[in-house]
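The values are calculated or read from the model by the stated rules, or taken from the named source; none is laboratory data. No experiment lies behind these values; they were computed from the predicted model shown. Please note: Cβ atoms are built from the backbone with ideal geometry, for glycine as well, and neighbour counts cover all protein chains shown. Quick note on the areas: whole protein, heavy atoms, side chains included, nothing else; ligands and nucleic acids left out. Shrake-Rupley method; radii C 1.70, N 1.55, O 1.52, S 1.80 Å.
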Amino acid sequence: PVCSMGNSTSRLYSALAKTLSSGAVSQHQDCLEQPDSAQLDRIDPKDLLEQCQIILQKRPPRFHRSFVDLRKNAASNHRPIRVMQWNILAQALGEGKDNFVQCPMEALKWEERKCLILEEILEYKPDILCLQEVDHYFDTFEPLLSRLGYQCSFFPKPWSPCLDVEQNNGPDGCALFFLKDRFELINSANIRLTAMKLKTNQVAIAQTLKCNETGRLLCIAVTHLKARTGWERFRSAQGCDLLQNLKSITQGAKIPLIVCGDFNAEPTEEVYREFSNSSLNLNSAYKLLSPDGQSEPPYTTWKIRPSGECRHTLDYIWYSQHALNVNSALGLLTEEQIGPNRLPSFNYPSDHLSLVCDFSFNQDPDRLL
């Protein structure tokens, strides 16, 4: 079963081919309580990628995306830090609530869709990975990614909409992963966001890491704000609460900060302006892909629901612009690649595109924000 993953290819294949259903979770609780996955054998990422590709061999090949070099200065004196942001689409929502009318149900099968998600992660090899809408953390992402060398954290929503779906796999939430050979965890905070002094259903994780190579500190945060039109003021309040928390955690911006998230907000919204104008001195990394460095991409999510086509820019990687440099950013999929039926699809596992950036520390460690 899923819990007894070993070194052999057949066991690795078994780990990918099977997923605990919600009914199986209670039956296999002993598996979940076995020694923590970090103590199990390490997985070679190439082997895992090969197994994913075997499972996906009947699907069309993955899309090619290129990194855009954004360096303005000389090469940094340390390896860049690769950060990946991605709303991976909760399985329960994809199959049960989101109504992707142009996406065949066959394309949403978890047994194959999880391999597309893993393939994307394995292709870009992030040092830090920030995910939203994770509802298969305990049976898929934590067991596999911990054996790839990541330290793993998960914070579910208090009232996840996934729980309304029959045969769900538990609540969805935010997850944060970092490579233990690159970073040491200094402290970690799970934040339940408030709005108008009320606790909300949205969450964030903020972790302060020490870079093993440079000895410098870095705060990384992941969040997922309230969805839907009509909730703009609510998102604004959630954003203000998150910023206040991050000001405290970064000691008033003394520690460089990266915030990844699905903000469910276009750049015209108040919450976007709050992050742009914050005393934390944040910039949005993907603006740097535009000719003038001032415009967000035209879309980070593109889907078709019964109400019509939804093409929006909602996902961001914010960073401390005076303490960190953006070396490169992964280009987005083109409209032609996405295709007329939009996302998700047999080619791509989520309705949101992954964002990936390479960061380096500013060469002058005393140049604070």
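Of everything in the stretch 119-138, what is in a helix (DSSP H, G or I) and more than 12 Å from the chain's Cα centre (by Cα)? Give them in sequence order. Residues satisfying the conditions are GLU119, LEU122, GLU123, TYR124, TYR137, PHE138. Taking the criterion of being in contact with a strand residue (DSSP E or B) (Cβ under 8 Å, 6 or more places away or on another chain) and open to solvent by 70 Å² or more (accessible area, probe 1.4 Å), the residues of the stretch 293-311 that qualify are PRO298, GLU309, ARG311.
Restricting the first member to the stretch 55-67 and to residues that are over 21 Å from GLU111 (Cβ atoms) and modelled with pLDDT of 90 or more, and the second to residues that are open to solvent by less than 60 Å² (accessible area, probe 1.4 Å) and not in a loop (DSSP other than H, G, I, E, B), the beta-carbon pairs closer than 8 Å and six or more apart or on different chains are ARG65/LEU330; SER66/LEU330; PHE67/SER328; PHE67/ALA329; PHE67/LEU330; PHE67/VAL356; PHE67/ASP358. Residues SER284, SER345, SER328, SER278: which one is without any contact (Cβ under 8 Å) to a residue 40 or more places away in the chain, open to solvent by 10 Å² or more (accessible area, probe 1.4 Å) and among the polar types (S, T, N, Q)? The conditions single out SER278. Taking the numbered list (1) assigned to a strand (DSSP E or B); (2) surrounded by fewer than 24 Cβ atoms within 10 Å (Cβ to Cβ) in turn, GLY230 passes all entries but (1). If PRO267 meets every condition in (1) farther than 24 Å from ALA204 by Cα; (2) open to solvent by 30 Å² or more (accessible area, probe 1.4 Å); (3) not aromatic (Phe, Trp, Tyr) apart from one, which number is that one? It is condition (1) that PRO267 fails.
Among the residues of the stretch 270-288, some residue qualifies, meaning at least one is of a type in the set (Val, Ile, Thr), modelled with pLDDT of 95 or more and over 19 Å from the mean Cα position of the chain (by Cα). Going through (1) closer than 23 Å to ALA206 by Cβ; (2) in contact with a Ser or Thr (Cβ under 9 Å, 6 or more places away or on another chain); (3) part of a loop (DSSP other than H, G, I, E, B) one by one, TRP159 falls short only on (2). Just one of the listed residues (GLY308, GLY331) is touching a helix residue (DSSP H, G or I) at 6+ places or on another chain (Cβ under 8 Å) and more than 24 Å from CYS174 (Cβ to Cβ), namely GLY331. Just checking, does the stretch 105-117 include any residue being under 12 Å from the mean Cα position of the chain (by Cα) and open to solvent by less than 10 Å² (accessible area, probe 1.4 Å)? Yes: one or more hits. Looking across the stretch 57-108, the residues that are among the acidic types (Asp, Glu) and over 27 Å from TYR286 (Cα atoms) come down to GLU95, GLU106. Just so you know, in the stretch 188-213 the residues that are surrounded by fewer than 18 Cβ atoms within 10 Å (Cβ to Cβ) and hydrophobic (A, V, I, L, M, F, W, C) include one that is modelled with the lowest pLDDT, and it is MET196. Taking first residues from the stretch 146-162 that are open to solvent by less than 10 Å² (accessible area, probe 1.4 Å) and partners that are charged (D, E, K, R) and modelled with pLDDT of 95 or more, the Cβ contacts under 7 Å between residues at least 6 apart in sequence or on separate chains come to GLY149/LYS180; GLY149/ASP181; SER160/ASP172; CYS162/ASP135; CYS162/ASP172.
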